[in-house]
1. About the Cα centre of the stretch 333-428, how large is the charge dipole given +1 on each Lys and Arg Cβ and -1 on each Asp and Glu Cβ? Please answer in debye to the nearest 20.
2. First measure r as the distance between the Cβ atoms of LEU71 and THR192, then evaluate 1/(1 + (r/R0)^6) with R0 = 41 Å and state the FRET efficiency to the nearest 0.05.
3. Report, in debye and to the nearest 20, how large the dipole of the chain comes out about its Cα centre when Lys and Arg carry +1 and Asp and Glu carry -1 on their Cβ.
4. Among 340-348, 323-331, how do they line up from the highest to the lowest mean number of other beta-carbon atoms within 10 Å?
5. With 5 Å bins from zero, work out the P(r) of the stretch 333-428 over every alpha carbon pair and list the percent per bin.
6. If the viscosity is 0.692 mPa s and the temperature 37 °C, what Stokes-Einstein diffusion coefficient in µm²/s follows for the stretch 153-308 when Rh is the Kirkwood radius over Cα pairs?
7. Averaging sequence separations of C-alpha pairs under 8 Å and six or more residues apart, then dividing by the length of the stretch 99-327, give the relative contact order as a whole percent.
8. Can you tell me what the convex hull of the Cα atoms of the chain projects to on average, as an area in nm²?
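What follows draws every value from the coordinates through simple rules; no lab data is involved. Here the structure is a predicted model, which is why all the values come from computation and not from measurement. Neighbour counts are summed over all protein chains in view; Cβ atoms, including those assigned to glycine, are modelled from backbone coordinates with ideal geometry.
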Amino acid sequence: MKRRHFLKTTTQSLAGLMGLSSVSSARSLDASPPLPTISDKIDPHDEEFWSIVREHFPLTHDRIYLNTGGLGASPYVSIHALQSRIDELERISETGHSEELWHSIKKKAGKIFGCDPEEVAYTRNTTEGVNIVCNGLPLQKGDEIITSTHEHVGNTVAWLIRQKREGIVMKVFEPSMRSAQENIDRIEELITKKTRALSISHVTTATGQVLPVKEIGNLAKANNLWYFIDGAQSAGMMPLDVHDIGCHAYATSGHKWLIGPKGTGLLYVSKDMLDVIRAEWVGAYSNTGHFDMVTGEVHLNPTAQRYEYGTVSTPLFVGLGASIEFLLSIGMENVWGRVHAMGTALKKGLNDLGVEVLSPQHPDEQSSIITFRMKNVDRGDLQSFLWEEYKLRTRGIYEGGLNGIRISLHIYNSFNEVDKVLAAVDAAKKL
Ligand SMILES: Cc1ncc(COP(=O)(O)O)c(C=O)c1O
């Protein structure tokens, strides 16, 4: 059923592309075979299926792309949706914005988060979502916030600046690789009477560690804390249910695992937090109904749209909607099954090579991001070697002083590429 739906989606996009001579990728999409139609559950090792998925991306085969944690590659269907909407709108010089369009794409985003469309706001990236939450929370001098040492700069600077300017207090824990429980314990140890909020990544940028977000949610609830999750490395990689996790807000990027256009992001804010997380930057679209300069009457939008303001590029979000639909057509369980299996194979191979794997060994805490380092080899030298000799596009990890190399594996990667990474790392042992 799901495969059949996917086939329909890609066929529609193909038809659209054929009329678009300016898109250089049209030829390739025309040549990409439809996905076979079988069952709902797709075997992570079904190379025939996943190689067809790969053909839906213009991503070059001249190098091996292993940096989805930095930026995701978009499928033709998304690129076409974006480009054709730009073409269409530039001919008439209109924004293309409509409530209906906005809502229809938020319905898809809601399926990624596991929330209602009214709880979704569009942003430019994860960092913007972090800023909306960090600066919108009613925190006062002396209020404490708990976060980890493995956070990305995007979920760090906003809090640090608020600490510097307003005197909130950041408390940090070092994520433990030993057990999920140890992380819960480390957070619990930091909670005091002054603690107001938790801000952590679902999947850490540094090692791809999957933190026990639901259990941390229980802890937040028991201690009456606001709970924010940086989901830059999780949305689009795995199925999500933010209501079940029990977080108050969850930010992500459209341009990483969601494989959408660059410069897009999504922010979930639970309905009961809309009046708590103040909308600081507001304008057209944040308000609703009548406003009056004389009486001072003004009303914020009753949904998470209150965090959006002014003109934005609708083609970007149309493209994001197409990317999300592409992922949903495959099914987030299937995406997660595939990428997790590749992560497992890579981790096992690295372990066998005797390389130090910095990512968690426990399968429940591991994602499709695997970070490793080699004794006596500098991160920069290793990254250069992998690129120059093997054309592997990796990312160096300086966060938490780890000095490692990060490999991110998404649906356009393959077990064959995992083998190539392992061969390259084996060769690097001679460095
Ligand atoms: C965990 C995490 N948070 C935030 C960001 C920042 O994302 P963006 O540049 O889309 O704001 C990243 C980017 O890699 C990340 O890994």
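1. Details: 11 positive and 13 negative charges, 26 e Å.
My answer is approximately 120 debye.
2. Once rounded, the FRET efficiency stands at 0.60.
3. On the way: 45 positive and 51 negative charges, 117 e Å.
Around 560 debye, computed over the chain.
4. So the peptides 340-348, 323-331, ranked by packing, come out 323-331, 340-348.
5. Whole-percent P(r) values from 0 Å outward: 2, 14, 26, 27, 19, 8, 2, 0.
6. 190
7. Here the relative contact order equals 25 percent.
8. So the Cα hull casts an average projection of 22.3 nm².
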